[in-house]
Protein chains: 2
Amino acid sequence: MSDPFPHLRIDEDRFRAGFDALSRIGATPDGGAHRPALSEDHLGARAWFHERAERAELEVHVDGAGNHSARLRCGLPGARALLLGSHLDSVPHGGRYDGPLGVLCALEVLQTIREAGLSLAVDLEAIDLTDEEGAHVSMMGSRALTGALREEHLAHPHSGDEAFAQALARAGLTHDGILAAQRDPVSLAGYLEVHIEQGSRLERAGTDVGVVTGIVGITWYRLRFLGRADHSGTRPVAERRDAAQGACAFALAARETVLRDYPGCVVNVGDMRFEPGAFNVVPAVVTAALEYRSPDGDQQHRMERDLLDLARAQAERFDLELETECLEAIAPTPMDERVQHILASAAERLCLTHTPLPSGAGHDAQSFADLCPTGMVFVPSVGGYSHSPQERTRWADCVNGANVLLQAALAMGGAEIGQDLQDSQDSLD
Amino acid sequence: MSDPFPHLRIDEDRFRAGFDALSRIGATPDGGAHRPALSEDHLGARAWFHERAERAELEVHVDGAGNHSARLRCGLPGARALLLGSHLDSVPHGGRYDGPLGVLCALEVLQTIREAGLSLAVDLEAIDLTDEEGAHVSMMGSRALTGALREEHLAHPHSGDEAFAQALARAGLTHDGILAAQRDPVSLAGYLEVHIEQGSRLERAGTDVGVVTGIVGITWYRLRFLGRADHSGTRPVAERRDAAQGACAFALAARETVLRDYPGCVVNVGDMRFEPGAFNVVPAVVTAALEYRSPDGDQQHRMERDLLDLARAQAERFDLELETECLEAIAPTPMDERVQHILASAAERLCLTHTPLPSGAGHDAQSFADLCPTGMVFVPSVGGYSHSPQERTRWADCVNGANVLLQAALAMGGAEIGQDLQDSQDSLD
């Protein structure tokens with residue numbers, strides 16, 4: 001692969017100053033961040049981004065879905081946009097890296113390229129996408145931009161109708177505006193995202209960066225184990241139809257099954273609700289929240305079959321009925337193989353160790369993968385903490401992520417981009 | 001044993017009419033009753049009792065704890081009172097038999113004795129005790145009457161301060177009045193209660209009545225399994241500290257242990273609360289509600305040791321911390337052996353089959369057992385249902401319960417009572 005500007009690096013001091021400034025918005029005393037999408041602090045972070053982009057003499061654009069962009073135009077007529085993005089919202093009481101790191105890397109890359117006076121074949125766009133974490137509607141911004149969002153998604157916000165309406169009003173957004181944020185796919189040259197790994201594979205292996213091969217498929221099921229309420233003092237244990245026993249046996253067996261039969265996959269029973277839920281009443285109903293994830297679509301289907309069989313078997317064992325309801329079934333999303341090659345080459349150019357690995361978490365990159373060349377870079381998470389104030393990435397790793405993004409953007413957006421992609425494709429054939 | 005009035009029987013038609021009339025107050029469409037203590041419908045049931053007692057020319061007394069009594073005085077100076085009682089309150093959406101049956105049996109017994117023109121050596125008192133089921137304060141009426149209730153119990157009502165204050169106002173009760181309801185123990189000749197079994201032992205054995213040997217000891221523990229919240233997509237299953245796994249493994253193992261090592265005892269994990277409780281977050285904390293019951297105090301202590309050891313072992317197995325908090329520890333309450341003998345003799349006089357058996361549920365009789373000769377009679381529960389609209393007892397069994405109470409009251413309250421008790425005592429030695 002040709003190597004247009006191999007020695008260009010981001011400005012570490014400016015990057016750090018930006019990170020520190022942004023981290024103060026919605027900071028929590030425990031070192032985390034609380035910036036649910038469209039909250040005052042989230043909007044404060046977006047205002048900071050807006051102001052910082054303008055100060056860097058980048059063009060600022062906000063679309064109908066609230067996505068905030070800083071643009072570096074190449075000046076060529078009809079140029080496509082290479083998007084470098086992530087999100088500034090956080091989960092409630094989350095960390096300071098999940099999302100903001102990718103947005104700051106993108107902004108820093110644009111500033112670095114602008115200051116270097118380079119001229120690319122594409123427009124560069126650092127984009128902060130709305131509500132990746134789903135305080136209201138998961139990945140609302142990226143799905144609106146890529147045309148995957150429909151009115152029905154807006155009609156059932158996680159936060160409830162009233163809170164969502166208030167949040168939209170606070171941000172000056174409307175349903176019509178959100179749905180009108182869709183862009184023509186031919187205008188997109190690609191999408192790149194730097195993100196923390198949120199796991200411990202890179203740290204454990206001592207590897208600098210991960211090149212994401214794909215984003216796992218995720219399935220959510222609501223399982224209702226139905227037994228019979230009984231007086232806990234007078235109904236002998238052996239004669240009960242105790243919904244808790246079936247639900248608990250399932251939670252244990254599901255873990256065992258995935259550990260044994262599905263290495264690399266995960267399963268979680270993240271919640272159970274007991275009815276009536278009293279010390280002295282045998283549980284009549286236990287409703288369990290089941291989630292499982294696989295990087296492979298066929299495997300995801302096999303997990304569904306095995307886990308539901310398991311739930312049925314445990315229900316039967318304790319003389320219970322079982323009701324199952326699928327709430328989400330998102331297929332795995334492979335990342336573009338040419339882009340993976342470009343990212344790996346960028347890491348090598350920077351003398352960084354790298355490894356291919358699937359993402360266990362969902363990301364905005366999913367929204368773009370069907371429409372344009374899409375890729376992600378992971379940097380190590382200390383201790384694997386995620387969605388937690390303990391979330392942290394060593395600063396040198398953050399800088400690595402930004403420089404990989406810079407080099408990959410130069411490769412994808414440079415004059416040689418067409419040839420680059422061709423080379424990558426050849427090497428894969 | 002002497003047998004003063006062996007052929008006296010209650011009036012079945014009047015008894016049935018009373019049961020049907022009372023069942024209409026707070027009736028639910030599914031055949032149950034909803035009369036939580038001090039609710040409008042509970043107070044309506046008490047008003048009905050009051051009116052019915054006055055119509056039967058019995059003396060009506062209401063004490064500071066709201067306990068409603070109908071009295072049949074023997075006319076002897078300084079006569080003690082033989083209490084025949086139970087409660088008119090129900091659990092929310094409960095059945096029509098649990099409590100009311102015992103009060104109606106008592107009222108019917110007084111009417112029968114009064115109409116027979118018999119004169120006993122004791123005052124007879126049919127008593128409806130306040131809040132046996134603990135909508136506000138468990139067994140408030142019987143504990144107030146026997147001096148076991150203290151201000152601290154009133155300060156922490158199950159229903160919360162506001163609901164309790166409203167309920168007291170509705171019933172015209174005050175804290176001071178409740179605490180002043182205590183009676184001098186020497187004024188009590190005994191306490192007898194007819195109740196549905198709430199289990200299926202009598203029905204299964206085809207036995208007419210159960211003579212209660214004692215009321216089980218009950219222990220409530222709150223167990224908190226403490227792990228670590230993690231992203232369910234990115235933290236490998238084997239590296240988690242999943243609080244749900246420890247709690248679920250405990251719930252299963254506790255059942256196995258009690259079935260294997262504690263025949264005749266019961267255990268229940270009636271509730272679990274997950275924190276944070278989401279599809280995509282590994283549970284950090286699961287709080288489980290543990291209850292176990294034993295008719296034997298030493299056994300109750302051994303269960304405590306074994307079950308807490310089990311909880312610790314399961315917590316350790318999944319790398320969790322465990323916090324335990326004992327919320328209730330009520331020792332088993334043996335029933336008076338002389339009274340058991342009187343009840344068994346009464347059943348035999350009526351040609352009813354009978355069996356000794358422990359009560360798996362708590363009852364107002366517990367409050368009296370330390371102060372005066374106390375006993376209980378159980379009648380069979382169809383299908384063992386309890387605290388449910390499905391709760392039912394065949395009418396012939398209800399009549400049997402009332403007649404056993406009548407014969408036992410005559411034996412304990414008759415002129416021969418002193419000799420009776422002496423005879424019973426002799427036969428036990």
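Here are a few things to note about the model shown:
- Among the residues making up region B:115-140, those that are small (Gly, Ala, Ser) and under 21 Å from A:His231 (Cβ atoms) are B:Gly134, B:Ala135, B:Ser138.
- Restricting region A:23-53 to residues that are free of Cβ contacts under 8 Å to residues at least 12 places away in the same chain and over 23 Å from A:Thr174 (Cα atoms), the residue that is nearest to the chain's Cα centre (by Cα): A:Arg24
- Residues in region A:150-166 that are touching a helix residue (DSSP H, G or I) at 6+ places or on another chain (Cβ under 9 Å) and in contact (Cβ under 8 Å) with a residue 24 or more places away in the chain: A:Arg150, A:Glu151, A:Leu154, A:His158, A:Ser159, A:Phe164.
- Residues located in region B:219-237, provided they are crowded, with 21+ Cβ neighbours inside 10 Å, closer than 30 Å to A:Val281 by Cα and not hydroxyl-bearing (Ser, Thr, Tyr): B:Leu223, B:Phe225, B:Gly227, B:Ala229
- For region A:174-185, the count of residues that are within 29 Å of A:Asp20 (Cβ to Cβ) and either more than 22 Å from the chain's Cα centre (by Cα) or at pLDDT 95 or above (or both) is zero.
- Matching option when the condition is out of contact with any helix residue (DSSP H, G or I) (no Cβ under 9 Å at 6 or more places or on another chain), of a type in the set (D, E, K, R) and closer than 23 Å to A:Gly134 by Cα, among A:Asp41, A:Asp63, A:Asp13: A:Asp41
- Residue satisfying condition, being over 26 Å from B:His158 (Cα atoms), part of a helix (DSSP H, G or I) and modelled with pLDDT of 95 or more, within set B:Ala45, B:Ala70, B:Ala21: B:Ala21
- Listed by first and then second residue, the pairs with beta-carbon distance under 7 Å, at least 6 apart or on different chains, first residue in region A:280-301 and free of Cβ contacts under 8 Å to residues at least 40 places away in the same chain, second not in a strand (DSSP E or B), are A:Gln299/A:Tyr262; A:Gln299/A:Cys265.
- Residue in region A:112-131 that is modelled with the lowest pLDDT, counting only those that are assigned to a loop (DSSP other than H, G, I, E, B) and either on the phi > 0 side of the Ramachandran plot or within 26 Å of the chain's Cα centre (by Cα) (or both): A:Gly117
- Residue match in region A:179-189 (condition: touching a Leu at 6+ places or on another chain (Cβ under 8 Å) and under 21 Å from A:Tyr97 (Cβ atoms)): no
- Any chance B:Ser86 is surrounded by 24 or more Cβ atoms within 10 Å (Cβ to Cβ), of a type in the set (Ser, Thr, Tyr) and touching a residue at least 12 places away in the same chain (Cβ under 8 Å): yes
- Pair list, Cβ under 8 Å, 6 or more apart: region A:355-368 residue in contact (Cβ under 8 Å) with a residue 60 or more places away in the chain and closer than 18 Å to A:Pro263 by Cβ, other residue outside any helix (DSSP H, G or I) and of a type in the set (Asp, Glu): A:Leu357/A:Glu197
- Test result for B:Gln390, modelled with pLDDT under 95, of a type in the set (S, T, N, Q) and either buried (at least 21 other Cβ atoms within 10 Å of the Cβ) or in a loop (DSSP other than H, G, I, E, B) (or both): yes
- Given (1) more than 23 Å from B:Val282 (Cα to Cα); (2) within 14 Å of another protein chain (Cβ to nearest Cβ); (3) in contact with a strand residue (DSSP E or B) (Cβ under 7 Å, 6 or more places away or on another chain); (4) in a loop (DSSP other than H, G, I, E, B), number of the condition A:Cys372 does not satisfy: (2)
- Check on A:Glu197, more than 12 Å from chain B (Cβ to nearest Cβ), farther than 30 Å from A:Phe318 by Cβ and charged (D, E, K, R): no
- Taking the criterion of being more than 7 Å from chain A (Cβ to nearest Cβ) and surrounded by 23 or more Cβ atoms within 10 Å (Cβ to Cβ), the residues of region B:269-306 that qualify are B:Val286, B:Ala288, B:Leu290, B:Tyr292, B:Ser294, B:Met303.
- Residue in region A:200-209 that is at the interface with another protein chain (Cβ under 9 Å from one of its Cβ atoms) and touching a residue at least 12 places away in the same chain (Cβ under 8 Å) present: yes
- The set of residues in region B:226-268 being of a type in the set (A, V, I, L, M, F, W, C), more than 7 Å from every other protein chain (Cβ to nearest Cβ) and closer than 22 Å to A:Val237 by Cβ consists of B:Ala247, B:Phe250, B:Ala253, B:Ala254, B:Cys265.
- Per the conditions (1) surrounded by fewer than 21 Cβ atoms within 10 Å (Cβ to Cβ); (2) within 25 Å of B:Gln390 (Cα to Cα); (3) at pLDDT 95 or above, the sole criterion not satisfied by B:Arg170 is (2).
The values are calculated or read from the model by the stated rules, or taken from the named source; none is laboratory data. If you're wondering where the values come from, they're calculated on a predicted model, not measured in any experiment. Virtual Cβ from ideal backbone geometry, glycine too; neighbours counted across all protein chains shown.
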